[in-house]
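Down below is the structure, laid out as structure tokens.
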Amino acid sequence: MLTEYIPGTSVLHRLDVRTKTVWLLVLIVLAFMFDHPAFGVVLLCGVLLLFPISTVPFAGVKRMLLMLLPVLVVMVGVTAFSHLPEEFRTPEARKILFYLFPHETAPLTWGGVLLGATFLCRIVIMVLASMLFTYTTPVEDLLQFSQILRLPYSAAFVLTTAIRFIPALEGKAGMVMDAQRSRGVDFGSGSFVKRIRSYGSIMIPMIVDSIRMSENLAVALMSRGFGGTTRSTVATEIRMKVIDYVFVVTAVVLLIMALVLRINNVGRL
């Protein structure tokens, strides 16, 4: 499952949800702070190293990256040809490799190639960091964190419940696809329109099953008196430990260092 919490005892699992939220935000900010892909590659390697540390499987990550691959390829290609040489600061980035069309139209600049690689790194970093966050953070911790942020309990419950049911719906979608394949439905051949129509045999059962799940959840909530109190109690309260403060301070230091480099025009194209 792509968004399902996987129990574990790694360092990432033991960190407080607030610490992991700070690191997720810092990683996203760092990914967007520099234009040169060298910084994105270093950051991406750091995120990849967290997966063996967290002891979570990499299979879901590979599936997600394969799903994003066509979009990433198109994005890099469009970016490479859509930036003119005068848009860049450095002579290296202004270098024109060749023109896509005659009469010096649609130039492929070295800066465009580098910027496209930077965009690719940014998207992959955000995807991997978000998956690490969901893999190592229980939904109950997210619900407590939302209460700490003074969010309405009903809104927080809806959000965390939606996150919780994504893996369930993903599993049901796989079951429906296997059932339809056993009935002779082919999802991978034929024209584009035919393949789109074949997915109608998945959407209709999924919509019906989603409505049934929501009705069952509503009945279960009503039987348990949902909404009867303004604040719910928890079995285990989240607490910041020494290691959490160390990680938060480290994230702040990295962010300050990156800001200093940015102010000095390091990593600009």
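The values are calculated or read from the model by the stated rules, or taken from the named source; none is laboratory data. Model, not experiment: these values are computed from the prediction. As a convention, Cβ positions derive from the backbone with ideal geometry for all residues, glycine included, and neighbour counts pool all protein chains shown.
Cβ separations smaller than 8 Å between residues 6+ apart or across chains give the following pairs from the stretch 49-64 residues that are over 17 Å from R14 (Cα atoms) to residues that are modelled with pLDDT under 75 and surrounded by 11 or more Cβ atoms within 10 Å (Cβ to Cβ): G60/M1; G60/L2; R63/L2; M64/L2.
Pairing each residue of the stretch 101-127 that is without any contact (Cβ under 8 Å) to a residue 40 or more places away in the chain with any residue that is in a helix (DSSP H, G or I) and among the β-branched types (V, I, T), provided the two are 6+ apart or on different chains, yields C-beta distances under 7 Å for G112/T79. Within the stretch 237-268, the set of residues being farther than 16 Å from V29 by Cα and either touching a Gly at 6+ places or on another chain (Cβ under 9 Å) or outside any helix (DSSP H, G or I) (or both) comprises E237, I238, R239, M240, K241, N264, N265. Consider the stretch 93-102 and keep the residues that are out of contact with any Asp or Glu (no Cβ under 9 Å at 6 or more places or on another chain) and surrounded by 13 or more Cβ atoms within 10 Å (Cβ to Cβ). The one that is nearest to R122 (Cα to Cα) is K95. Output the residue which, of all residues in the stretch 34-48 that are surrounded by fewer than 18 Cβ atoms within 10 Å (Cβ to Cβ) and in contact (Cβ under 8 Å) with a residue 12 or more places away in the chain, is nearest to the chain's Cα centre (by Cα). Among them, the one singled out is L48.
Scanning the stretch 50-64 for residues that are exposed (fewer than 15 other Cβ atoms within 10 Å of the Cβ), part of a helix (DSSP H, G or I) and either of a type in the set (A, V, I, L, M) or modelled with pLDDT under 85 (or both) yields I53, A59, K62, R63. L151 passes every criterion in (1) touching a residue at least 24 places away in the same chain (Cβ under 8 Å); (2) more than 30 Å from G174 (Cα to Cα) apart from (1). Using the structure shown, decide if V76 is at negative phi, touching a Gly at 6+ places or on another chain (Cβ under 7 Å) and without any contact (Cβ under 8 Å) to a residue 60 or more places away in the chain. The answer is yes for V76.
R89 meets each of the listed conditions (1) without any contact (Cβ under 8 Å) to a residue 40 or more places away in the chain; (2) surrounded by fewer than 17 Cβ atoms within 10 Å (Cβ to Cβ) apart from (1). Entry remark, the stretch 31-60: residues being under 18 Å from R122 (Cβ atoms) and touching a Phe, Trp or Tyr at 6+ places or on another chain (Cβ under 8 Å) number 2 in total.
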